[in-house]
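Engineer: Quick one: the structure is below, and I'll ask about it shortly.
The values are calculated or read from the model by the stated rules, or taken from the named source; none is laboratory data. Being a predicted model, the structure only gives us computed values, none of them experimental. Virtual Cβ from ideal backbone geometry, glycine too; neighbours counted across all protein chains shown.
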Amino acid sequence: MQLDHAYLHAVCLQVLYGALAVLAFVVIERLVAYTILGLRARRIAAAIRASAVPEIRGGDVLSRSLAEYIDAQKAPEATRARVEDLSAPLFLQVDANVQARLWLLDTIVTAAPLLGLLGTILGIMDTFNALSSGGISDPSAVSRGIAAALIATAVGIGTALAGLLGHNLLHRQAEHITEGFKGFLLRTTV
């Protein structure tokens, strides 16, 4: 059984292009989400500065979680231990929401260079198979085949680089948002 190396090389390239599309979608979606959460965090911070017991409204995860924390403090049966016990799951909930889909970027950064290398190997194997079968006698055709095979490596490395930059930028923004929420929890006491 003979593998079709040219087909597998093309599949590797298509998967890399798909990974690049997913990468672009996740980066754009997270940037929009973080911008919205950042604006909301500024409003919450202003409300906390203006009042010891701020009135928090909104449908985002920061507002819902902080409102739940404030409501728990206002409850007649609220003890300090119970309120502190509530802060940890609320923080984890916010952190999970903020970190959503960042694992995709991490996976793409790791897998893209390897997939690009696999595509290059398959492309070179196809070129050598054509050369060994006597189908190519022109050295420039061999060079073109190897150059085409190396495109997979270039796309894989480029995808990984874009993913690494996007992941680092988004990870920093996510940390800023979650640390801000932690500060809200510490400053909001009823």
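Engineer: Among the residues of the stretch 82-129, write down those that are over 30 Å from Gly183 (Cα atoms), aliphatic (A, V, I, L, M) and touching a His at 6+ places or on another chain (Cβ under 8 Å).
Structural biologist: Hits for the stretch 82-129 are Val109, Leu122, Met125.
Engineer: OK, next. Of all residues in the stretch 1-52, count the ones that are among the small types (Gly, Ala, Ser) and either outside any helix (DSSP H, G or I) or within 30 Å of Ser65 (Cβ to Cβ) (or both).
Structural biologist: Count: 10.
Engineer: Next question. How many residues does the stretch 115-140 contain that are at pLDDT below 90, surrounded by fewer than 20 Cβ atoms within 10 Å (Cβ to Cβ) and closer than 14 Å to Ala6 by Cβ?
Structural biologist: Count: 9.
Engineer: Have a look at Pro139, Pro89, Pro113 and point out the one that is closer than 30 Å to Leu16 by Cβ and either among the polar types (S, T, N, Q) or free of Cβ contacts under 8 Å to residues at least 40 places away in the same chain (or both).
Structural biologist: When all the criteria are applied, what remains is Pro139.
Engineer: Of all the residues that make up the stretch 84-109, how many are in a helix (DSSP H, G or I), more than 17 Å from Ser63 (Cα to Cα) and in contact with a helix residue (DSSP H, G or I) (Cβ under 8 Å, 6 or more places away or on another chain)?
Structural biologist: Selection size over the stretch 84-109: 6.
Engineer: Give Ala149, Ala75 a once-over and let me know the one that is crowded, with 16+ Cβ neighbours inside 10 Å and either among the hydrophobic types (A, V, I, L, M, F, W, C) or on the phi > 0 side of the Ramachandran plot (or both).
Structural biologist: The unique qualifying residue is Ala149.
Engineer: Then there's this: Does Leu170 meet the test of being at pLDDT 95 or above, assigned to a helix (DSSP H, G or I) and farther than 30 Å from Ala88 by Cβ?
Structural biologist: Here the answer is no, as Leu170 does not meet what is asked.
Engineer: Out of the residues in the stretch 59-78 that are in a helix (DSSP H, G or I) and among the small types (Gly, Ala, Ser), state the one that is farthest from Ile48 (Cα to Cα).
Structural biologist: The residue in question is Ala72.
Engineer: Where the second residue is modelled with pLDDT of 95 or more and not aliphatic (A, V, I, L, M) and the first is under 14 Å from Val98 (Cβ atoms) and lies in the stretch 25-44, which pairs have Cβ atoms under 7 Å and are six or more apart or on separate chains?
Structural biologist: Tyr34/Gln173
Engineer: Something else now. Do we have Ala154 as under 19 Å from Val22 (Cα atoms) and in contact (Cβ under 8 Å) with a residue 60 or more places away in the chain here?
Structural biologist: no
Engineer: Of all residues in the stretch 28-40, which are crowded, with 20+ Cβ neighbours inside 10 Å and of a type outside the set (D, E, K, R)?
Structural biologist: Selection gives Ala33, Leu37.
Engineer: From the list Leu169, Leu118, exactly one residue is under 27 Å from the mean Cα position of the chain (by Cα) and within 18 Å of Cys12 (Cβ to Cβ). Which is it?
Structural biologist: Of Leu169, Leu118, the one residue that is under 27 Å from the mean Cα position of the chain (by Cα) and within 18 Å of Cys12 (Cβ to Cβ) is Leu118.
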